[in-house]
1. Which of the residues belonging to segment 131-147 are part of a helix (DSSP H, G or I) and either open to solvent by less than 50 Å² (accessible area, probe 1.4 Å) or under 17 Å from A54 (Cα atoms) (or both)?
2. Got at least one residue in segment 123-130 being part of a helix (DSSP H, G or I), more than 16 Å from the chain's Cα centre (by Cα) and at pLDDT 95 or above?
3. Within segment 94-123, take every residue that is open to solvent by 40 Å² or more (accessible area, probe 1.4 Å) and touching a helix residue (DSSP H, G or I) at 6+ places or on another chain (Cβ under 7 Å) and give me the one that is nearest to D3 (Cα to Cα).
4. Take D49 and tell me if it is among the acidic types (D, E) and under 16 Å from the mean Cα position of the chain (by Cα).
Amino acid sequence: MEDIRIGNGYDVHALAPGLPLWLGGIRIESEVGCIAHSDGDVAIHALCDALLGALALGDIGKHFPDSDDAYRGIDSKILLERTMDMVRERGWRVGNADITIAMQRPKLRPYIDSMRECIASIAGTDIGCISIKATTTEKLGFVGRGEGCEVFASVLLLK
């Protein structure tokens, strides 16, 4: 029987006009993007938190603080690569990941398979092990008003 670890992650970013929108490692056509110290890829940030949490290593802010200029504007795929290095160094691998993106607009369905491919490639797993779902909040709350994007991520690690 394999050892398993489960982690969950959550991240949220405010949205503003004129900024690029990156989700799951993919540039999304949008009039708004995430306000952030890095590229603002809230999906990858939540996944990193889930991975780090599964191994009791803290959160993304502990490892890649927004107070460090080395991470200003950084491509979040690099953060995921470094997080996966920590996972592998400890002898673990991704069993599966499940990511839910809550955003009122734009519609994300056309981008989901590309996001899954990108994350699976970095995680070193099959695309069938990476689930990404998008939802709106039926115009409720800050997400529904188009003020922000939030992401929930769960991950299962195997050893």
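The values are calculated or read from the model by the stated rules, or taken from the named source; none is laboratory data. Quick caveat: nothing in here was measured; it's all calculated off a predicted structure. Note that each Cβ is placed from the backbone with ideal geometry, even for glycine, and that neighbours are counted across all protein chains shown. The protein model used for the area step is the full one, side chains on, heavy atoms only, and it has no ligands, DNA or RNA in it. Shrake-Rupley method; radii C 1.70, N 1.55, O 1.52, S 1.80 Å.
1. If we filter segment 131-147 for residues that are part of a helix (DSSP H, G or I), which is where we start, we get 141-144.
Those that are part of a helix (DSSP H, G or I) and either open to solvent by less than 50 Å² (accessible area, probe 1.4 Å) or under 17 Å from A54 (Cα atoms) (or both): G141, V143, G144.
2. Restricting attention to segment 123-130, the residues satisfying the condition of being part of a helix (DSSP H, G or I) are 123, 127-129.
Okay, now just the ones that are also more than 16 Å from the chain's Cα centre (by Cα), so 128.
When the remaining residues are screened for being at pLDDT 95 or above, the result is 128.
Checked against the condition, which is being part of a helix (DSSP H, G or I), more than 16 Å from the chain's Cα centre (by Cα) and at pLDDT 95 or above, segment 123-130 yields at least one hit.
3. Looking at the filtered set, the residue picked out is N96.
4. Details: among the acidic types (D, E): yes; under 16 Å from the mean Cα position of the chain (by Cα): yes.
So D49 passes the test.
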